[in-house]
1. Order of 233-243, 206-216, 140-150 by packing, highest average Cβ count within 10 Å first?
2. With angles folded into 0 to 90 degrees, how steeply does helix 342-366 sit against the dominant principal axis of the chain? Use alpha carbons for both and round to 10.
3. Taking the chain as a Gaussian network, Cα atoms linked when under 10 Å apart, which of 194, 118, 308 shows the biggest mean-square fluctuation?
4. Take every DSSP beta bridge with both residues inside the chain and express the antiparallel ones as a percent of the total, to the nearest 5.
5. Please give the length that would be gained between residue 288 and residue 93 if that part of the chain were fully extended, namely 0.36 nm times their separation in residues minus their C-alpha to C-alpha distance (nm, one decimal).
6. Using a ≥ b ≥ c from the Cα gyration tensor of the chain (square roots of the eigenvalues), is it rounded, prolate or oblate, where a/c under 1.5 gives rounded and otherwise the larger of a/b and b/c decides, a/b for prolate?
7. Please find the FRET efficiency linking residue 372 to residue 133, where r is the Cβ-Cβ separation and R0 is fixed at 41 Å, and quote it to the nearest 0.05.
8. Length gain on complete extension for the stretch residue 9 to residue 171, per 0.36 nm per residue less the alpha carbon to alpha carbon distance?
């Protein structure tokens with residue numbers, strides 16, 4: 001299509017051109033809520049990270065007694081990255097299931113690890129006799145960070161995909177990252193040749209850039225409406241439903257998630273704890289008793305003094321976890337006003353769950369939640 005007469009202002013045309021190149025087609029209608037805020041802080045995150053990386057590379061070269069020529073930089077980088085960084089990658093690769101369950105937490109942890117590694121590199125000129133140890137440890141942390149960041153990228157992008165446009169989202173998101181990495185590197189080079197040419201300057205500017213970097217990724221993750229069920233999000237959804245009869249959407253819950261300590265128990269959701277070993281939760285007699293209550297289910301519950309243990313069958317889905325969680329929440333609310341046995345309370349709660357579950361599930365799915373799987377992160381499933 002050829003535009004004969006474009007009456008838009010120059011600023012308007014620049015903004016539209018930028019949006020077309022760096023935002024998904026159909027934006028803002030093609031993405032879920034929070035994408036703009038996520039993108040803004042993602043740009044700031046990559047800018048600060050790239051600037052900090054330039055300072056750390058300069059420090060590494062000086063600590064090794066080198067001058068920062070491109071050939072020497074390549075040699076040092078190759079030796080360090082092919083050593084301890086790969087060890088860090090191998091160790092972190094074993095934690096994939098936990099990253100699926102808590103992608104936002106691990107994305108934040110990835111940037112903290114990256115800044116820790118970068119900080120060690122910045123400080124390496126202070127102890128040149130320990131150069132290999134300090135630089136190796138720094139790259140070990142950065143290796144773990146790289147795996148965690150890459151592994152959590154797809155679940156986070158998937159949260160914003162609205163019209164089957166995941167590839168477009170991914171491509172435009174990476175374009176934003178690349179753009180601000182380049183801008184950040186330019187700023188880093190300018191800093192390295194001026195106020196950060198000394199170690200004292202780096203020790204002032206480095207922590208400031210790191211704070212901006214980590215705060216940016218925290219805000220990115222807070223803006224991300226993850227729509228898969230894990231223990232924390234399931235507990236929050238169930239608690240809201242039991243208290244008010246309403247279902248919260250992923251966008252409603254995103255700012256209420258505990259990103260650093262997601263394992264906290266939620267009283268209104270029954271204080272449910274998932275993933276403990278079967279033999280630690282049930283005695284043989286208790287196991288038979290509970291199996292009689294939940295004969296057709298893929299979950300078992302054991303109500304304790306401080307929390308309720310939920311054990312899931314090997315092929316349990318998100319719907320099975322929701323059923324168990326709802327029983328636990330109803331049992332907890334009944335237990336406050338009942339003096340009956342825990343078995344009787346569980347039976348009553350189970351009946352109540354069965355009467356309300358269909359409407360609960362349909363509304364949950366209408367709000368955008370994916371209920372086909374439950375990401376507990378522990379891998380502790382059992383057959384009985």
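None of the figures in this text is laboratory data; all of them are computed from the coordinates on show. Values in this document were obtained by computation on a predicted structure and should not be read as measured data. Every residue, glycine as well, gets a Cβ built from its backbone with ideal geometry; the counts of neighbours run over all protein chains shown.
1. The packing order, highest mean first, is 140-150, 233-243, 206-216.
2. With rounding to tens, the tilt is 50 degrees.
3. 194
4. Antiparallel bridges make up about 50 percent of those DSSP assigns within the chain.
5. Full extension from residue 288 to residue 93 adds 66.4 nm.
6. Here the chain falls in the oblate category.
7. Efficiency for this residue pair is about 0.30.
8. Extra length from residue 9 to residue 171 when fully extended: 55.5 nm.
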